[in-house]
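Structure first, then comments.
Read-outs: derived from the displayed coordinates by stated rules, not from any lab. Since the structure is predicted, the reported quantities are computational estimates derived from the model, not experimental observations. Ideal geometry is used to build each Cβ from the backbone, glycine not excepted, and the neighbour counts take in all protein chains shown.
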Amino acid sequence: METTAKSIGAEIRRANEKFMEAFAEGNAAVIADLYTDEGMLLPAGMEALSGKLAVQEFWRGAMRMGIKSVKLETVEVQPCENTAIEMGNYTLSGEGGAMLDKGKYIVIWHRQDGEWKLHRDIWNTNLSTR
């Protein structure tokens with residue numbers, strides 16, 4: 001079965017929906033499951049974090065810091081065989097929907113066990129740090 005760029009984009013958007021729902025529910029384990037076994041987070045100001053346990057602990061920490069919801073908006077998906085590159089925008093909100101951060105991200109997705117999973121995840125803020 002040939003997979004089109006449009007259908008891959010739709011699968012990635014569905015995975016992002018699962019990410020946003022799990023975050024709103026405070027379920028870092030479900031978020032970690034959306035990453036490949038070798039998945040990595042590349043957060044600003046920190047060393048890279050590798051593996052599902054590290055990913056889970058990072059997102060659990062973000063939740064404990066007061067982030068209540070994440071909005072992910074896919075701008076572009078470029079597929080290439082079992083890999084796809086997604087560029088998008090994010091918004092992080094706290095209690096009462098107060099915007100805490102917004103910025104852009106790049107995710108390299110890999111198809112693992114028949115599903116698209118986050119493999120490399122990097123983002124940075126649009127807000128001034130001054």
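Tabulated data
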{"quantity": "Among residues of segment 70-99, those that are more than 13 Å from the chain's Cα centre (by Cα), surrounded by fewer than 18 Cβ atoms within 10 Å (Cβ to Cβ) and not small (Gly, Ala, Ser), counted", "calculated": "9"}
{"quantity": "Looking only at segment 108-130, and only at residues there that are closer than 26 Å to residue 47 by Cβ and free of Cβ contacts under 8 Å to residues at least 40 places away in the same chain, the one that is surrounded by the fewest Cβ atoms within 10 Å (Cβ to Cβ)", "calculated": "130"}
{"quantity": "Selection status of residue 22, more than 16 Å from residue 111 (Cβ to Cβ), surrounded by 13 or more Cβ atoms within 10 Å (Cβ to Cβ) and free of Cβ contacts under 8 Å to residues at least 24 places away in the same chain", "calculated": "yes"}
{"quantity": "Of all residues making up segment 91-114, the number that are in contact with a Gly (Cβ under 6 Å, 6 or more places away or on another chain) and part of a strand (DSSP E or B)", "calculated": "2"}
{"quantity": "Matching residues in segment 1-39 - criterion: being of a type in the set (Phe, Trp, Tyr) and assigned to a helix (DSSP H, G or I)", "calculated": "19, 23"}
